[in-house]
Amino acid sequence: MSHNLFETFAERMRDRGAADFITTREGRRYSHGEALAESARLAGALIALGVQPGDRVAVQVDKSPEAILLYLACLRIGGVYLPLNTGYTGDEIRYFLGDAEPALFVCRPAAEEEARRIARETGCPAVETLGTAADGSLMAAAARATPHETIVAREADDLAAILYTSGTTGRSKGAMLTHRNLGSNAATLAKAWHFSAEDRLIHALPIFHTHGLFVACNVTLMAGSSLRFLPKFDADVIFEELPRGTVLMGVPTFYTRLVADDRLTPEVTANMRLFVSGSAPLTAETHEAFEARTGHAILERYGMTETNMNISNPYDGARRAGTVGLPLPGVEMRITDRETGEEVPRGEIGMLQIRGPNVFIGYWRMPEKTREELLEDGFFITGDLAMVDDQGYVHIVGRDKDLVISGGYNVYPKEVEQLIDELDGVAESAVIGLPHPDFGEGVTAVVVPRAGAELDESQVIGHLAGRLAKYKQPKRVFFADALPRNTMGKVQKNELRKAYHNTYQ
Ligand code: MCA
Ligand code: AMP
C-alpha cells in the first residue's frame, strides 16, 4: 500500500469536485477537481524536466495558487518539495542549492538570470519560472505536458519535503519531513480544530514555512475546505474578508495589528468560527483584548519546523491566554532538567522534548546535528523552555537556544553576528531580540569597534543588505566598548537585553 500523502488529498479533491479549493480577490479560482487536474499537468512537466522520485524541487516564488499546485504535483510524483523564503538573497540561495542539490529550481520570472547563474555554480541541472499570474516557463511546460495521473507510491518514511531552518552555528539545516509526518499532523489538526468542507480559510501567511504551507494548506486539503488566498497580511483586506471567512491562521503580529484597529468588532467577525495563532508567543494581553473586542478566544498552538504542530489549546474547552494548551493526540511530551536529563516535577521549568509521528527524521546530510537533537528514544529536543501547570496546560516560558523570533520568522543571531564580524573595523558583535510592539521581538545588534575604527549604524546595515534577508537585518545597531561576559567568557545576552530593553517601546 502506498503512503503517499497525496493519495488522501486526491481522494478528497475528487469527492469535492466542483467546490472551491482556492480563490483569490482578483477572481482566479480552482475548484478541487480543477486543482487535481492541474496538478497532474504540472506533474507531467516535472517528469519531462527530469525530476525523479526522491529528487528535491527547490522553489522560491511569490505566493500564488499555482505554487500550491506545484507543491501538490511534487508530492504526486514522489518528489521532495523544498520551499524557500522569497526574502532570501542570492548568497543564501547559493547555500541552499549547493546543500540540497535539487533536480530543479523554480524561481520568480524576474529572478531568472540570477537563478540560472546560481544553478550553474551549484550544479543544479534545470531552472524554470513561475509568476503570480499563472505565467512563467513552468506553466507553459505544464500546458504542453502529458498529464501524469498516476500517484507515485511512497513509503511512510519517504521524504515529502525539506524545510531549512537556521542553526545556532550559523549554518542552516534542512529538516527532512516525511509523508507520515505531514499526513499524521494534517489529520490530527483537521480533527482537533473541527475543520469541514464548509470552512473557508483566510490565508494571508507566506507559503514557504510550516505555518502557511502545511498547517493551513494540508489541513484544508484533508478536510476538503477552501482557501481564500491573499498575497500577504493587509489589515484592510482582512477586514473585507472576515465576513465571508470561517477561519484565520496567523502569527501574533496579525492579531496585535487587528486589535489596534477600530474595525475589529463582534459584527465583522460574526461569521468566523476560529482564530488560530502560532509561530511565536501571543501575549496574554493581545489574547484578552481580542476576546473582549470580538467574543472569540484565539486558539494558540505550538509547533516547530522539525515537528509540525505539537501542542494546542482545545477547540472545546478553555483556551487559556499565555498557554499553548495540551499535547495533541498522538504527541508525547516530556520536560527535563538541563543538567541531569531527568524529567522535572509538574510545575517546574525544564527543556521541552517531543515525540510522535509528527517528528521529522533528521537534518539533511547532518548526521551529527541530528544525533544531538533527535534522541535515540525518538524524543526531539525543541530548545524551548516549558512548564506544565496543574491543569496540564503547557506554558512556553523561554528559549534555551539563541534565537530571535521577529514577526513569526526565526533569526539565528550567530548568522548575523558572523556577517557583522567580517566588516572592517568590527572587533566583535552580539545580536539580540528586544521587545517590539509590532514584530514581538526586534533584531538588534550591539557592535564593539576595533580601537580607532570609525563605524556607524548605516555602514553595518549596508554591509548586511545584499547578504541577508530583510527580516534578519537588525532594526537598530548600537556601539559599545565591550560586551558583558561571564567568568567563562560567554557573552551575557541577558545583560544586553536589559540594557537596551526600551529601544522599540
Ligand atoms: C517584514 N519586515 C520584517 C518582517 N516582515 N522585519 C522583521 N520581521 C518580520 N517578520 C520588514 C519589511 O521588509 C519592511 O521593511 C518592514 O519590516 C515593514 O514591513 P511591513 O509591511 O510592516 O511587513 P509586512 O509585509 O506586513 O509583514 C509583517 C508580517 C510578515 C505580516 C508579520 O512578516 C509575516 O507574514 N510573517 C509571518 C511569518 C511566518 O509565516 N512564520 C511562520 C514560520 P522596510 O520598510 O525597511 O522595507 S513556521 C513556524 O514558525 C512554526 C512551525 C510554527 O509554529 O508555525
Ligand atoms: P520554526 O523553527 O521556525 O518552526 O520555529 C519554531 C519555534 O517557534 C519554536 O521552537 C518556538 O520557539 C516558537 N514558537 C512556535 N509557536 C509558539 C508559540 N505558540 N508560543 C511560543 N513560541 C512558539
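Read-outs: derived from the displayed coordinates by stated rules, not from any lab. Everything numeric here is computed off the predicted structure, so don't read it as measured data. No Cβ is skipped: glycine too gets one built from the backbone with ideal geometry, and neighbour counts run over all protein chains shown.
Once the Cα-Cα distance is subtracted from the 0.36 nm per residue extended length, the Ala48 to Glu291 segment shows a gain of 82.3 nm. Just for segment 69-213, what percent of DSSP beta bridges are antiparallel, to the closest 5? Around 60 percent of the beta bridges assigned by DSSP in segment 69-213 are antiparallel ones.
Once the Cβ-Cβ distance of Asp421 and Arg244 is raised to the sixth power relative to R0 = 51 Å, the FRET efficiency obtained is 0.50. Can you give the translational diffusion coefficient of segment 394-505 in µm²/s, computed by Stokes-Einstein from the Kirkwood radius over Cα pairs at 10 °C and 1.306 mPa s? Taking Rh from Cα pairs, D becomes 110 µm²/s.
What is the calculated FRET efficiency for Asp389 to Glu428, with r their C-beta to C-beta distance and R₀ = 51 Å, to the nearest 0.05?
It comes to 0.80.
Place a point 7 Å from the Cα of Glu457 along the Cα-to-Cβ direction; which residues of segment 474-500 have their backbone N under 19 Å from it? Once the point is set 7 Å along Cα→Cβ of Glu457, 474-482, 496-500 turn out to lie under 19 Å by backbone N, inside segment 474-500. Quick one: work out the % antiparallel among DSSP beta bridges in segment 419-505, nearest 5. Expressed as a percentage, antiparallel bridges in segment 419-505 total about 75. Annotation: the antiparallel percentage among DSSP beta bridges lying fully within the chain is about 60.
Geometric descriptor of segment 36-145, per residue, is 81 Å³ (volume of the convex hull of the Cα atoms).
Taking 51 Å as R0, compute the FRET efficiency from the Cβ-Cβ separation of Arg263 and Arg117 and round it to 0.05. List each step's numbers first, then the result.
On the way: r = 46 Å, r/R0 = 0.90.
About 0.65, to the nearest 0.05.
Peptides 288-301, 341-354, 64-77 ranked from most to least packed give 64-77, 288-301, 341-354, packing being the mean of other C-beta atoms within 10 angstrom over each peptide's residues.
Scanning the chain for DSSP H helices at least 18 Å long along the axis (C-alpha atoms) with a Kyte-Doolittle mean no lower than 0.5 picks out 32-48. If you model segment 224-356 as an ellipsoid using its alpha carbon gyration tensor, with each semi-axis the square root of five times an eigenvalue, the axes come out at 31, 16, 13 Å, biggest first.
Which distance in nm do the two modelled labels at Glu376 and Arg273 give, with both placed 7 Å along the Cα-to-Cβ direction? Between Glu376 and Arg273, the label points sit 4.7 nm apart.
Average the reciprocal distances over every distinct pair of alpha-carbons in segment 446-505, invert the result, and give the Kirkwood radius in Å.
On the way: mean 1/r = 0.0757 Å⁻¹.
Result for segment 446-505, one decimal place: 13.2 Å.
Computed from the Kirkwood radius of its Cα pairs, the Stokes-Einstein diffusion coefficient for segment 1-80 at 10 °C and 1.306 mPa s stands at 121 µm²/s. Based on a Kirkwood Rh over C-alpha pairs, give the Stokes-Einstein translational diffusion coefficient of the chain at 37 °C and viscosity 0.692 mPa s in µm²/s. The diffusion coefficient I find is 139 µm²/s. Relative to the Cα centre, the charge distribution of segment 36-149, modelled as +1 at Lys and Arg Cβ and -1 at Asp and Glu Cβ, gives a dipole magnitude of about 200 debye. From helices alone, the chain scores -8500 deg cm²/dmol at 222 nm; the rule is -39500 (n - 2.57) for each run of n ≥ 4 DSSP H residues, then divide by the residue total.
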